[in-house]
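Trainee: Supplied in structure tokens, the structure appears directly below.
The values are calculated or read from the model by the stated rules, or taken from the named source; none is laboratory data. Note that the structure is a prediction, hence the values are computed from the model and not measured. Glycine also receives a Cβ, built like all others from the backbone with ideal geometry; neighbour counts cover every protein chain displayed.
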Amino acid sequence: MNSARRTGDRHALRDYALFAAFVAPNLLLLLLFVYRPLVQGVWLSFFSWDLISPDWEWVGLDNYREYLTDSASHYILRNTLIFSVGTVIGSMSLGLGLALLLNLPLRGREVVRTILFTPYVISGAAIGVVWLFIFDPRLGLLAALLAKVGLPSPDWFNDPNWAMPMVIIAYVWKNLGYTVVVFLAGLQSIPGDLYEAARVDGAGSWSRLRHVTLPMLSPVTLFLLVTNTLSSVQAFDMIRVMTQGGPLEATKTMNYQLYEEGFVRFHVGTASTIATLLFLLLLATTLLQLRTMERRVHYS
Amino acid sequence: MSAQAETVAPPRAPAQTDAIVAPMRMSVGALLAYLVLGVAVLIIAVPLVWMVLGSFKTRAEILTVPIRWLPASVGPANYLTAWHDAPFDRFYLNSLLVTTLGGGLKVVNGVLTAYALVFLRFPKKSLVFYAVLGALMVSAQITLIPNYVFVANLGWIDTYAGLIVPSAATAIGTFMFRQHFLTIPREVIEAARMDGVGHVGLLWRVILPMSRPTLVTFSLLAAVWEWNDFLWPLLVTNSLTMRTLPIGLTYLRSTEGATNWGAVMAGTVLVVLPVLVFFLWAQRHIVSGIMSGSVKG
């Protein structure tokens, strides 16, 4: 009995050692490149620093006060909001419509699904370049198509009112497939007998959509709302390639501003302030989702 | 971004069968559905087709009004220009290294951590799980500047280490593999343990072969993320020969000026083509990974 316990201990110790060895690289990297910079990133927002000089100057909450009272940053907040709301509403509404169609027993729907999903795996930089070619007001495809119906092309590149719609269109084009596929998974997980029951009750297809499909889809809708918001707030490569935040800052979002303040103007304090605010915003969104999900799990 | 494995239940439930109930109405409905889906497919496909066509057009053909859809001839001229004006061989080498090494390390880290969390004993190991899970809540923006400063202090600017190491850990991968390992029946593990198989043998000969779908899906997703990654490679490299393809493409565009779209489209095809072929070959696994709902790249 004694010896059995001893071999048990030895096994346990071997387990401990192996556990440590297996987990160490991943955990160490997460500590070094996620948790450590998280703390330092927030810490830096209380300083004024130019990324190079050895001295960090403590400024307390000045960065926050300046950022939140500056009218330029209000404009950028507005841009961030327009971009996020525009891309999220665009992806969600088009995505739901297409997913509903793809859920019908149609021939070739798998092929359609694959095609719609394709842009999602392509580099945002490449897609940005392709859309610049299409949007080019002088020799682009879109200008030619508009000319066919007698419309002049907007000056997408230089008109502050048209640059944002341009980026939103290109972004929705790239990411729509993700939303379609997740909505489709949600639709396919709705039990068929619910529709059967609704049909027995004499519900038409519209009423089934309203009273069965949409309510059953609400967890997926919330999930997509959150993930789409998170990724659109963090959009960078397409904005960088297509407009660099211009013209006249019309497409500059908080995330793009962070990059500029940090790595173009070397205002590390300001950039860290923006980063901290973004972090809190994204964290709140994620936690909100986790909470609602928990409630849903308790339900069922 | 976040960990929502349970939000979307797996597919394979019966689909709606309106067609059988109302064949007449459905045929009109189906026609409409096909029409809308056809338009959607066109809107997605035309820009990509336009890119490929553009990569074969001469400058004159691109400047022609009204537009010409097809190039007069299909030749490699624009590709040669692009390759001459920007070092695409280096871009390819760098992107391949970053994708295979970076993606590979993510897979290894995810598998090992998940194995330890599920099959090995350790005091308070749930703390390790929460530490990994917590990393999912930390968005890349807040870590950007400190990581840049840290990597610069290590002397890793413009090196492969700087490109690869900071993103070699994976929280989402750990989470995905853990979810899958938890579904492997205990009896299988115990039977192998009875036969005297050690943990390494168990992982290599039992667990991994039983995890092929998750392994394939996560490897593909990790590869696509690494290939397309933009901001970090933009910051951490500064010499042209260390750039990856997406950054190299923006360089090509800046050297070609505003009108030489043919060469720029050729460069774009060079960036897009490998991932496109890869995706069409493996799309089933990638789409099913997204459909299982746990991943948002």
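Trainee: Can you report the number of residues in the stretch A:221-236 which are closer than 19 Å to A:S123 by Cβ, within 7 Å of another protein chain (Cβ to nearest Cβ) and not hydrophobic (A, V, I, L, M, F, W, C)? Can you show your working first?
Mentor: Our first condition is that a residue be closer than 19 Å to A:S123 by Cβ; within the stretch A:221-236, this holds for A:231-232, A:234-236.
Subsequent filtering for residues that are within 7 Å of another protein chain (Cβ to nearest Cβ) retains A:231, A:234, A:236.
Those left that are additionally not hydrophobic (A, V, I, L, M, F, W, C): A:231, A:234.
Within the stretch A:221-236, residues that are closer than 19 Å to A:S123 by Cβ, within 7 Å of another protein chain (Cβ to nearest Cβ) and not hydrophobic (A, V, I, L, M, F, W, C) number 2.
Trainee: While we're on this one: Please determine whether any residue of the stretch B:95-109 is of a type outside the set (G, A, S) and at positive phi.
Mentor: The initial filter retains those residues of the stretch B:95-109 that are of a type outside the set (G, A, S), namely B:96-101, B:105-109.
Keeping just the survivors that are at positive phi gives none.
No.
Trainee: Which ranges mark the helices (runs of 4 or more DSSP H) fully within the stretch B:91-171 that have 1 or more residues being in contact with a His (Cβ under 9 Å, 6 or more places away or on another chain), under 30 Å from A:R14 (Cβ atoms) and at the interface with chain A (Cβ under 10 Å from one of its Cβ atoms)? If you could, list the steps in order and put the result at the bottom.
Mentor: Working: elements: B:103-119, B:125-135, B:140-153, B:160-164.
Helices (runs of 4 or more DSSP H) meeting the threshold: B:103-119.
Trainee: Pick out the one residue from A:T251, A:T286 that is of a type outside the set (A, V, I, L, M) and either touching a strand residue (DSSP E or B) at 6+ places or on another chain (Cβ under 6 Å) or in a helix (DSSP H, G or I) (or both).
Mentor: Numbers: A:T251 fails: either touching a strand residue (DSSP E or B) at 6+ places or on another chain (Cβ under 6 Å) or in a helix (DSSP H, G or I) (or both).
Just a single option satisfies the conditions, and that option is A:T286.
Trainee: Also: Take A:A72 and tell me if it is under 30 Å from B:V275 (Cα atoms), in contact (Cβ under 8 Å) with a residue 12 or more places away in the chain and of a type in the set (G, A, S). Give the derivation first.
Mentor: Numbers: under 30 Å from B:V275 (Cα atoms): no; in contact (Cβ under 8 Å) with a residue 12 or more places away in the chain: yes; of a type in the set (G, A, S): yes.
When the stated conditions are applied, A:A72 does not pass them.
Trainee: Can you list residue pairs whose Cβ atoms sit under 8 Å apart, with the first residue in the stretch A:271-293 being more than 7 Å from every other protein chain (Cβ to nearest Cβ) and the second being among the β-branched types (V, I, T) and surrounded by fewer than 22 Cβ atoms within 10 Å (Cβ to Cβ)? Count only pairs 6 or more apart in sequence or on different chains.
Mentor: A:T285/A:T229
Trainee: A follow-up question, please. Look through the stretch A:271-300, keep the residues that are at pLDDT 95 or above and of a type in the set (S, T, Y), and return whichever of them is surrounded by the fewest Cβ atoms within 10 Å (Cβ to Cβ).
Mentor: A:T276
Trainee: Now, a different point. Tell me, please, whether a residue that is surrounded by 19 or more Cβ atoms within 10 Å (Cβ to Cβ), hydrophobic (A, V, I, L, M, F, W, C) and within 24 Å of B:I145 (Cα to Cα) can be found in the stretch A:205-217.
Mentor: no
Trainee: So B:F181 passes all but one of these: (1) in contact (Cβ under 8 Å) with a residue 24 or more places away in the chain; (2) closer than 23 Å to A:A235 by Cα; (3) crowded, with 20+ Cβ neighbours inside 10 Å. Which condition number does it fail?
Mentor: Among (1) in contact (Cβ under 8 Å) with a residue 24 or more places away in the chain; (2) closer than 23 Å to A:A235 by Cα; (3) crowded, with 20+ Cβ neighbours inside 10 Å, the lone unmet condition for B:F181 is (2).
Trainee: In the set A:T87, A:T114, which member is part of a helix (DSSP H, G or I) and more than 21 Å from B:W50 (Cα to Cα)? Please lay out each step first, then the result.
Mentor: Numbers: A:T114 fails: more than 21 Å from B:W50 (Cα to Cα).
One residue alone meets the criteria, A:T87.
Trainee: Quick one: which residue in B:A82, B:A72, B:A114 is surrounded by fewer than 21 Cβ atoms within 10 Å (Cβ to Cβ) and either hydrophobic (A, V, I, L, M, F, W, C) or out of contact with any Gly (no Cβ under 6 Å at 6 or more places or on another chain) (or both)? Steps first, answer last, please.
Mentor: On the way: B:A82 fails: surrounded by fewer than 21 Cβ atoms within 10 Å (Cβ to Cβ); B:A114 fails: surrounded by fewer than 21 Cβ atoms within 10 Å (Cβ to Cβ).
After applying the criteria, what remains is B:A72.
Trainee: Mind checking which residues of the stretch A:74-91 are under 18 Å from the mean Cα position of the chain (by Cα) and surrounded by fewer than 18 Cβ atoms within 10 Å (Cβ to Cβ)? Working first, answer last.
Mentor: Filtering the stretch A:74-91 down to residues under 18 Å from the mean Cα position of the chain (by Cα) leaves A:76-91.
Within the stretch A:74-91, A:L77, A:R78, A:L81, A:I82, A:V85, A:I89 meet the criteria.
Trainee: Oh, and also: In the stretch A:19-51, how many residues are crowded, with 19+ Cβ neighbours inside 10 Å and within 21 Å of B:L133 (Cα to Cα)?
Mentor: The qualifying residues number 12.
Trainee: Show the residue pairs that are 6+ apart or on different chains and have beta-carbon atoms under 7 Å apart, the first residue being within the stretch B:27-56 and within 30 Å of B:P76 (Cβ to Cβ), the second being surrounded by fewer than 17 Cβ atoms within 10 Å (Cβ to Cβ) and hydrophobic (A, V, I, L, M, F, W, C).
Mentor: Listed pairs, sorted by first residue: B:L53/B:W69; B:L53/B:L70; B:F56/B:V74.
Trainee: Could you please find all residues in the stretch A:177-195 being in contact with a helix residue (DSSP H, G or I) (Cβ under 9 Å, 6 or more places away or on another chain), farther than 16 Å from A:S93 by Cβ and more than 7 Å from chain B (Cβ to nearest Cβ)?
Mentor: A:L194
Trainee: How many of the residues in the stretch B:62-84 are within 14 Å of chain A (Cβ to nearest Cβ) and in contact (Cβ under 8 Å) with a residue 40 or more places away in the chain?
Mentor: Of the residues in that region, 4 qualify.
Trainee: A further question on this structure: Among (1) at pLDDT below 95; (2) at negative phi; (3) surrounded by fewer than 22 Cβ atoms within 10 Å (Cβ to Cβ), there is one condition A:L248 misses while meeting the rest; what is its number?
Mentor: (2)
Trainee: Looking at the stretch A:127-153, which of the residues that are in contact with a Phe, Trp or Tyr (Cβ under 7 Å, 6 or more places away or on another chain) and farther than 22 Å from B:L270 by Cβ is nearest to the other protein chains (Cβ to nearest Cβ)?
Mentor: Only one residue fits best here, namely A:L142.
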